Amino acid sequence: MDITFKPNEEQLKLVKACASNDRNIAYEAQATLARFIAPVLAQVVNQAPTLSNKFKSFSFTADDNPSFPVDLFYDITDEDYILTWSQHLAGGLPTNQVQPTHSEMKFTTYRLDSAISFDKRYAAKSRMDVVGKAMTRIAQEILMKQEATSANLVLGALAEASTNGKSHTLVAGGTKINLDDFNKLLTLSKRIHTAWTGGTPDGGPRRGVTDLLISPEVTESIRALSYNAVNVRGTGTSGATKTDIPATDAQREALWQNAGIPEFFGIRLQEFSEFGVGQKFNDVFDVVEQQAADASKSAVSGNFDGSADEIIVGLDASVQSLWRAVATDADNGSEFTLAPDDQYSVRQGKIGWFGAIEEGRTILDNRALYGIKVAG
């Protein structure tokens, strides 16, 4: 991510005015720049390929109280009560609440903020590159906070996810993911996504899983399917498990030529460095799964050991379950508010801005979440 300016004469004058010795002129110039750049920051944050952007956004007016009419998101013949997941503060652990299907569900929003400052001599020299880097840093810090908030909510809900008596998290058949694990995940999703009667849904069974969020190591193991065996059931002449049967020539050729592997078995693969043994999201799942186990709510098959095991997260993007409510400014409609930071005096020789997003996240239906535990 890098925010850059294509400087013109007006922009150069505006940035230079931010360093004016006249406090009124300097403040007005900083406020004008903030109004100009705030919608750009909101667009950058919303388009970044991050876990937080797996949530579907809806806007509400600042100082309003966002809510969901729950009955519109569930079949009227569903159970009288459902479980929803939300957070009461930024980065907090998710809590599940029992909601009647006919209720108006309110949920808490919170502010994610950031601030930046630099020596005003850069503004006096119209250093647009410095201003661009400063705004990039604000956007990056907001994204980091959104990632932490989203990961806690998604992974916490996944640790407890269970439908029709089935855990949403499978245990991989070996220490590396294989074709058999993909196959079983697709079957699990069909068993979870039944009609309200428990039978076949209208239009036939749905696949369920559309996206898998994986680590670089899992991507490595998928590439290895081009030259490693995939068999898990065949037996040799002595009765021992036969493991030397490769994938089909066409499949191995496709894996060999396409190192990026954008999808597999019709499932989009998205690589995140935060997944993997010893990485941030894996450690988060270790914590929330242990807390769920202590409360006898964990649905994960077997104990999860974050120092050795790895979690793969599956999402069903066809189900509108992950929602993000974001406040918009009443004046300009922007989701991101940016204002001059007036804490600096003339003696300090600095200028700065502070910005924030007010948002709240909730998961209305955990049938959009799946997992594969790869034991170490």
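The values are calculated or read from the model by the stated rules, or taken from the named source; none is laboratory data. Keep in mind that what you see is a predicted model, and the values were worked out from it rather than measured. Don't worry about glycine lacking a Cβ; one is built from the backbone with ideal geometry, like all the others, and counts go over all protein chains shown.
Quick look at the numbers
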{"quantity": "All positions within segment 51-98 that are surrounded by 18 or more Cβ atoms within 10 Å (Cβ to Cβ), at pLDDT below 70 and within 18 Å of the chain's Cα centre (by Cα)", "calculated": "Pro94"}
{"quantity": "Unmet requirement for Val326, which otherwise passes all of (1) touching a residue at least 60 places away in the same chain (Cβ under 8 Å); (2) touching a helix residue (DSSP H, G or I) at 6+ places or on another chain (Cβ under 7 Å)", "calculated": "(2)"}
{"quantity": "Odd one out for Ser301, checked against (1) touching a strand residue (DSSP E or B) at 6+ places or on another chain (Cβ under 9 Å); (2) assigned by TED's automatic domain parsing to the domain that holds Ala356; (3) at pLDDT below 75", "calculated": "(2)"}
{"quantity": "Residue count, segment 7-36 (criterion: over 18 Å from Thr337 (Cβ atoms), assigned to a helix (DSSP H, G or I) and among the charged types (D, E, K, R))", "calculated": "5"}
{"quantity": "Pairs with Cβ under 7 Å, 6+ apart, first in segment 4-23 and surrounded by 15 or more Cβ atoms within 10 Å (Cβ to Cβ), second assigned to a loop (DSSP other than H, G, I, E, B)", "calculated": "Gln11/Phe5; Leu12/Ser126; Val15/Ser126; Lys16/Ser126"}
{"quantity": "Among the residues listed as Ser273, Ser318, Ser298, the single one being in contact with an Asp or Glu (Cβ under 6 Å, 6 or more places away or on another chain), in a loop (DSSP other than H, G, I, E, B) and among the hydroxyl-bearing types (Ser, Thr, Tyr)", "calculated": "Ser298"}
{"quantity": "Given (1) within 30 Å of Leu153 (Cα to Cα); (2) modelled with pLDDT under 85, number of the condition Gly276 does not satisfy", "calculated": "(2)"}
{"quantity": "Any hit, segment 304-312, residues being closer than 21 Å to Asn53 by Cβ, buried (at least 18 other Cβ atoms within 10 Å of the Cβ) and hydrophobic (A, V, I, L, M, F, W, C)", "calculated": "yes"}
{"quantity": "Residue in segment 329-356 that is modelled with the highest pLDDT, counting only those that are outside any loop (DSSP other than H, G, I, E, B) and farther than 18 Å from Ile138 by Cα", "calculated": "Gln348"}
